Structures are given as structure tokens and as C-alpha cells.
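Bear in mind these aren't lab numbers, they're just calculated from the coordinates by the rules spelled out. In this text the structure is predicted, and so the values were computed from the model without any measurement. We place every Cβ from the backbone using ideal geometry, glycine too, and count neighbours over all the protein chains shown.
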Amino acid sequence: MSNEKNAYEAGLAGGDRRVLASAISAVENDSDDASAVLAAVYRRTGNAHVVGLTGAPGVGKSTLVNALIGEYRKTGQTVAVVAVDPSSPLGGGAILGDRIRMSDHALDAGVYVRSVASRGHLGGLSRATARVVDILDSFGFDVVIVETVGTGQAEIDIMHLAQTTVVVSAPGFGNVVQAIKAGILEIADIFVLNKADTSAAVAAERHLHEAVRARPEGNWRQPIIPTVAIDNVGVPELLEKIREHSAQLDPNERSRAATARARQQLAAAAAELASDQVNRRSDFEHLAEEVLSGQMGLSDAAVAALELISTRPYNP
Ligand SMILES: Nc1nc2c(ncn2[C@@H]2O[C@H](COP(=O)(O)OP(=O)(O)OP(=O)(O)O)[C@@H](O)[C@H]2O)c(=O)[nH]1
Ligand SMILES: [Mg+2]
């Protein structure tokens, strides 16, 4: 384990892209190397600005990310993109499309684009994404952009990993306000109305303004930025707003996203430890029998199992 850890550590610190790719595959597949990778990135994270970008399929997220990469590169910052696709666990069409739409930067050493899929289990996608973001952060990218499709709970969990959340909508994708579900409306820092070149853009923008104005006022007023991603229109303004948002984050808020990522991993590691013990230890047999016979409810038995783990440590 420590040999593997050292190899990953050296490879990642040395800027080796092949090591980067295999580190990401290891955490994505939860392979034997995953813990060596996590040990290698540990304490090297917390420098990247993590930007989450979410919205319904087809609103133009990848086109926008491609344009944003270009803006970041003009200022010399390096950018990694994580394209998350919860709908197709094994990758596929959407991800291929993402690759093509971001291909402007395929030869640029300051840019890295990678897709992530989950291997199925609940919460697996946000955990894998948290780990991939940490790897890219430790690799030294200045900015990590996480693109997710849709506006469900999985996206909200993933957006918690970011310091700045951009919610993208477009006219012609139903009522833009309804399309932006309540949970997402809460966590959005910046709204983008893409495809501002199409008809109904003016009405869609007005609806969005009304919805945002109706929200209680906080320290940060969520701006609405119209863009035409295919022509780079509004993209410099978007970058400016992302910067403004990042600059006004207080240090606590900054570390909140890093803490949220660590917490995702802690939850997963704790669950793994607990399930390992419940599965293997003979003293859990009676609890299982009580659940089977109906003497004890499942959640009561789970609480009892956790108590047993903490009071009677594992003795292999
Ligand atoms: N008219 C117009 N079309 C755009 C604009 N931005 C993107 N498109 C087009 O919209 C289509 C979808 O763009 P994508 O960038 O793939 O959208 P996406 O949100 O990443 O889609 P998924 O990854 O499938 O969810 C493409 O054909 C783009 O060329 C825009 O500002 N105006
Ligand atoms: Mg896309």
C-alpha cells in the first residue's frame, strides 16, 4: 500500500497525466488502488476553485464549459473539467458529445477533461465525484469545473462539493423557473440563461428575474447572465461573476466545500466499516434473527448494531 501510495504521490506531484488518469479510474471503479490514491492526495487539496455547473439536458452546459475554459486560459489559469453523467453508468453518447464540444482544448496542456460515471450504488456518484475533484485539486489545477446533467437530489449533493454553483437554463426547455427545482434555486450562486439568441429568451429571462427577486435577500445577490455559448457572448461576464462570487466567500465558506467533500468520503468509509463488521462478526447474528422474526424493527436494529460496534470493538 505505501509503495503504491508513493508511486501515486510522485506521479501526481510530477504532473504525470497517465498517473492522473489511472488515479481517477481507481477511485471511479473503487479498485484496490483507491485507498492508495486517497492517501496520496490527502493534505494536498484545498487550492483549486471548484465551480459546479448544472442544468437540464441540452441547455448548452458543455458548450458553455468549452467557452469558459477559453476565458480561463486567456488569464493563464489551468482548468480541469469533470463531466458527471448519472443517467448512463457506463458512459456513452452524452460523454462523447461532451468530449467533442470541449475538443477546442484537446491539445492544451493546461486543460484536462474527464467524465465520471458511478458503479451503481446509492450515493456512489457524489462520492466518486468528490474523490475525482480532490485528485484534480491535488494535481494542481487552478479551477475544477464539475458539469452535471439534471436537477435531482444527486446533482444537489454534487453541487455541495463546489464553492460556486452555476445553474444553466435555456428558453424552450419548458418553464425555466419550474425547470429549476426548488432545491437547486436555493443553492445557485449564479444563473445563466443560455441560448439568449433564440426566441422566447426575453420572456424566459423576465421569469427568472421575477423568481430570483422573490427570494429573500442574502449577502450575495444571485445574478442572471444571458449567454450565447456558441458565440462566446456573455461568457467573459460569467467568468467575472464567478470571480466576484469566489472573492466574497469568507474563509469558512471556502473550506465548507472541502469539508463537504471530506464528509462524503467519511460517510462512505464509515458505512463500509460498519457493513463489514455486521456481515462478518458472529455476534451480529442474533440481531439479524430478531429482525427476521419481527422482534425488532430494522432501524432499531441498525442503531443497536452501531452501539455494539462502538462498545465492543472488532477482534478479528
Ligand atoms: N442557438 C444556440 N444553441 C446553442 C447554444 N449553446 C449551445 N447550443 C447548442 O445546443 C446543443 C446542446 O449543447 P450542449 O452543450 O451539448 O448541451 P448540454 O447541456 O451539455 O447537454 P447534455 O450534456 O446532453 O446535458 C448543441 O447543439 C449546441 O450547439 C446557444 O447559446 N445558442
Ligand atoms: Mg453536456
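Can you list which of the GluC sites (Glu not before Pro) found in the stretch 202-283 are DSSP loop residues with at most 14 other C-beta atoms within 10 Å?
In loop regions of the stretch 202-283 (DSSP not H, G, I, E or B), the sparsely surrounded GluC sites (Glu not before Pro) are Glu217.
Once amide H atoms are built 1.01 Å from N in the peptide plane, which residues 5 or more positions from Thr227, or in another chain, come under 5 Å H to H?
Close amide H contacts, sequence-distant or interchain: Leu193, Asn194, Lys195, Ala196.
With the calculation restricted to Cα positions, what are the radius of gyration and Dmax of the stretch 176-316 in angstrom?
Calculated on Cα positions, Rg and Dmax stand at 24.8, 68 Å.
Compute the length gained on full extension between Asp300 and His286: take 0.36 nm times their separation in residues and subtract their Cα-Cα distance, giving the result in nm to one decimal.
3.7 nm
List the longest stretch of the chain that has no exposed loop site; here a site is one of the trypsin sites (Lys or Arg not before Pro) assigned by DSSP to anything other than H, G, I, E or B, with at most 13 other Cβ within 10 Å.
So the longest stretch without any such site is 120-220.
If you scale each eigenvalue of the Cα gyration tensor by 5 and take the root, what three semi-axes come out for the chain, rounded to whole angstrom and sorted largest first?
Those come to 38, 25, 17 Å.
May I have the count of lysine pairs in the chain with C-alpha atoms under 22 Å apart, counting pairs 8 or more residues apart or located on different chains?
Taking the Cα cut-off of 22 Å, the pair count is 7.
Just to confirm a number: summing +1 for Lys and Arg and -1 for Asp and Glu over residues other than Val59 whose beta-carbon lies under 12 angstrom from that of Val59, what do you get?
+1
As I understand it, the value is the acute angle between the Cα axis of helix 61-74 and the longest principal axis of the Cα atoms of the chain; what does it come to in degrees, rounded to 10?
80
Please identify which residues in the stretch 16-36 have an amide N closer than 16 Å to a label point set 7 Å out from the Cα of Asn6, following the Cα→Cβ vector.
In the stretch 16-36, the label zone of Asn6 (backbone N under 16 Å from the point 7 Å along Cα→Cβ) covers 36.
If I build a Gaussian network model for the chain, linking alpha-carbon pairs within less than 10 angstrom, which residue out of Ala26, Ala211, Ala40 has the largest mean-square fluctuation?
Sorting by GNM fluctuation, first place goes to Ala211.
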